[in-house]
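**Student:** Below is one structure. I have some questions about it.
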Amino acid sequence: MSIRINNIILDIDDDINILKDKAAKKLKLSKSHIKDFKILRESIDARKKDRIKFNYTLEVSTDNEENLVKRLDDKDIKLETVKYTDEFPFGTRKMKQRPIIVGMGPAGMFAGLLMARKGYKPVIFERGQRVEERTESINSFWTTGKLNIESNVQFGEGGAGTFSDGKLTTRIKDSRCDYVLEAFVKAGAPEEILYIGKPHVGTDILKNVVKNIREEIISLGGEVRFNSRLEDLIIKDKSLKSIVVNGEEFPCENLVLAIGHSSRDTYEMLYKRGITLTAKPFAIGVRIEHLQSLIDENQYGRFAGHKRLKAADYRLSYIGEKTKRAIYSFCMCPGGEVVAAASEERRLVTNGMSYYKRDKDNANSALVVTVGPDDFGSSNPLSGMEFQRHYESLAYSLGGGNYTAPIQLVGDFLKDRVSSKLGNIIPTYKPGYEFRELKGCLPSYVIEALKEGLLNFENKIKGFAQDDAVLTGIETRTSAPLRIERNENLQSVCLKGLYPAGEGAGYAGGIMSAAVDGLKIAESIMKEWAPID
């Protein structure tokens, strides 16, 4: 048990070392009576640009904590009792085979890590390469346009998030988030992610972190096999009997299916095998780039560039008055770059990426519009996936082939004309770009919604719709286009032994929520089955 103190405020130039003094004052104690002290959360309050503040939540240990909290009767001071523990009674059923995990993204990785730590010795199959070789394949694609369809920005160790911004922000309220963050720090992530309000790791650091987690899993008796693609499920009497990987059959009674949102061939296989799938909404649009200095000045005013402030971000949303669709920013990457993220030949997809320091010239974000079964049909659960493929193919052709992206400046986009020259913002997308009208690779209702959104967001961030802001087409992989239905035990509703997990199954959105879902799946399996002898 400990005490949680909310709303401890420091001005931007205050020394962080006075936090303990402020905590003691809040508790009406001498500082010497505080035994343990740590920062749980740090966030920036930049609502008043002339006085930026830092807001802290602290955890404190002292004597007679329960009586102290009662006596103070302060809404900002509470007892902290709810914490995640990985201690729970294991099941008693004996496994015939080791549990198998397909996918080494956040969901699969954390399901594997927890099971390995508890003696279940999981076997993980990942269709892509280990992160070292994967980095080489991706860099080759960005340089030459030569795509490795099995190992790319979407597939490979660490999942899609490894070659993005490494954002660890999440809207879910789950104590397992602390377990995930602590595991990342143990594996080499910056300790600050344990408490800053919008934690991120960055691609440069995250690559080493996922490698270290893999090595821990192996050291505990787990196994990780790369370049190993799931091809089929062998089913008998509505129960999973085995799986086929690279043409080889493996007996399997517990399968964690953590395939990510881009494993379209796996979705097709699941559909053929009669697994219950449901089409779901997602969003498509473009990537928008501004100078990072513009975003910093809008968010921080005269304090832009202050030594205590990192590159500013934003989160924008709007419901169009004309289109009645949600338009919003997604996966915003301060000080980053727009990257080629295709996973299928002759289909063009973009994503955003940044390194830990977020010190590049441009800020970028997806600017997307919601679409759903009314747009692409719900009779076939794969219809959303085919919708994505259609527009990715159009974008590939519009860009001229070889994964060159179509771009358009915002001023020209709003006036329906092809851009002819760049302004102050230099596009970061590689392998290259061509000036095109983006209406050639997006539905007309998405184009109209984006125009509405740009004008609305200009009122929130001055310069957001400036003429020379760059739009790069297209962004389609905001979330899975379908859901693999599962029951209260987190198993497939139609196949015993199959545990759909994470973002690819339609139950998460981002690194943190996917990792937490992987932990839940692992817990469900371990509460039924005993550890491996």
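The values are calculated or read from the model by the stated rules, or taken from the named source; none is laboratory data. Computed from a prediction, not measured in an experiment: that's the story for all the values here. So basically every Cβ, Gly included, is an ideal-geometry build from the backbone, and we count neighbours across all protein chains shown. Ligands, DNA and RNA are excluded from the accessible area calculation, which covers all protein heavy atoms including side chains. Shrake-Rupley method; radii C 1.70, N 1.55, O 1.52, S 1.80 Å.
**Student:** Condition check: at pLDDT below 95 and in contact with a strand residue (DSSP E or B) (Cβ under 8 Å, 6 or more places away or on another chain). Does P431 satisfy that?
**Tutor:** Yes: the conditions hold for P431.
**Student:** Let me ask something else. If only one of R302, R273, R264 is farther than 26 Å from L471 by Cα and in contact with a helix residue (DSSP H, G or I) (Cβ under 7 Å, 6 or more places away or on another chain), which one is it?
**Tutor:** R264
**Student:** Identify, from the list F54, F110, the residue that is in a helix (DSSP H, G or I) and surrounded by 14 or more Cβ atoms within 10 Å (Cβ to Cβ).
**Tutor:** Matching residue, one of F54, F110: F110.
**Student:** Does the stretch 453-465 hold any residues that are surrounded by fewer than 18 Cβ atoms within 10 Å (Cβ to Cβ) and polar (S, T, N, Q), and which are they?
**Tutor:** Listed by number, the list holds a single entry, N459.
**Student:** So which residues in the stretch 322-341 are closer than 19 Å to T169 by Cα and part of a strand (DSSP E or B), if there are any at all?
**Tutor:** Listed by number, the residues that qualify are Y328, S329, F330, C331, M332, C333.
**Student:** Do we find that R358 is of a type in the set (K, R), over 20 Å from F435 (Cα atoms) and in a helix (DSSP H, G or I) in this structure?
**Tutor:** Answer is no for this residue.
**Student:** Would you tally the residues in the stretch 76-95 being open to solvent by 100 Å² or more (accessible area, probe 1.4 Å), assigned to a loop (DSSP other than H, G, I, E, B) and in contact (Cβ under 8 Å) with a residue 60 or more places away in the chain?
**Tutor:** 5
**Student:** Identify, from the list I34, I5, the residue that is over 22 Å from K310 (Cβ atoms), touching a residue at least 40 places away in the same chain (Cβ under 8 Å) and aliphatic (A, V, I, L, M).
**Tutor:** I5
**Student:** Looking at A326, A341, A363 in this structure, which one is under 26 Å from D50 (Cβ atoms), open to solvent by less than 30 Å² (accessible area, probe 1.4 Å) and touching a strand residue (DSSP E or B) at 6+ places or on another chain (Cβ under 7 Å)?
**Tutor:** Sole residue among the options that is under 26 Å from D50 (Cβ atoms), open to solvent by less than 30 Å² (accessible area, probe 1.4 Å) and touching a strand residue (DSSP E or B) at 6+ places or on another chain (Cβ under 7 Å): A363.
**Student:** Next question. Among the residues of the stretch 473-507, what is the count of those that are open to solvent by 10 Å² or more (accessible area, probe 1.4 Å), assigned to a loop (DSSP other than H, G, I, E, B) and over 23 Å from E344 (Cα atoms)?
**Tutor:** 9
**Student:** Of all residues in the stretch 113-125 being outside any helix (DSSP H, G or I) and either open to solvent by 10 Å² or more (accessible area, probe 1.4 Å) or touching a strand residue (DSSP E or B) at 6+ places or on another chain (Cβ under 7 Å) (or both), which is nearest to R176 (Cα to Cα)?
**Tutor:** My answer is K118.
**Student:** Among all residue pairs at least 6 apart or on different chains, which show Cβ distances below 6 Å where the first residue, located in the stretch 221-235, is within 21 Å of V210 (Cα to Cα) and the second is of a type in the set (D, E, K, R) and assigned to a loop (DSSP other than H, G, I, E, B)?
**Tutor:** G221/K121; G222/K121; F226/E126; F226/R130; R229/R127
**Student:** State yes or no: is D174 in contact (Cβ under 8 Å) with a residue 40 or more places away in the chain, surrounded by fewer than 18 Cβ atoms within 10 Å (Cβ to Cβ), part of a loop (DSSP other than H, G, I, E, B) and in contact with a helix residue (DSSP H, G or I) (Cβ under 9 Å, 6 or more places away or on another chain)?
**Tutor:** The answer is yes for D174.
**Student:** State the number of residues belonging to the stretch 428-441 that are open to solvent by 40 Å² or more (accessible area, probe 1.4 Å), part of a loop (DSSP other than H, G, I, E, B) and more than 18 Å from S365 (Cα to Cα).
**Tutor:** Qualifying residue count, the stretch 428-441: 3.
**Student:** I'd like to know if the stretch 442-450 contains one or more residues that are in contact with a helix residue (DSSP H, G or I) (Cβ under 6 Å, 6 or more places away or on another chain), in contact (Cβ under 8 Å) with a residue 12 or more places away in the chain and open to solvent by 80 Å² or more (accessible area, probe 1.4 Å).
**Tutor:** Taking every residue of the stretch 442-450 in turn, none turns out to be in contact with a helix residue (DSSP H, G or I) (Cβ under 6 Å, 6 or more places away or on another chain), in contact (Cβ under 8 Å) with a residue 12 or more places away in the chain and open to solvent by 80 Å² or more (accessible area, probe 1.4 Å).
**Student:** Out of S43, S32, report the one residue that is hydroxyl-bearing (S, T, Y) and under 30 Å from H261 (Cβ atoms).
**Tutor:** S43
**Student:** Of everything in the stretch 57-73 that's open to solvent by less than 50 Å² (accessible area, probe 1.4 Å) and not hydrophobic (A, V, I, L, M, F, W, C), which residue is farthest from I18 (Cα to Cα)?
**Tutor:** E65
**Student:** Look through the stretch 269-321, keep the residues that are open to solvent by 40 Å² or more (accessible area, probe 1.4 Å) and assigned to a strand (DSSP E or B), and return whichever of them is farthest from L255 (Cα to Cα).
**Tutor:** By that ranking, first place goes to L291.
**Student:** Still on this structure, please answer the following. Report, by residue number, each residue of the stretch 377-427 that is of a type in the set (V, I, T) and open to solvent by 60 Å² or more (accessible area, probe 1.4 Å).
**Tutor:** Across the stretch 377-427, the qualifying residues are V418, I426.
**Student:** In addition: Please determine, by comparing only the residues of the stretch 57-75 that are assigned to a strand (DSSP E or B) and among the polar types (S, T, N, Q), which one is farthest from the chain's Cα centre (by Cα).
**Tutor:** S61
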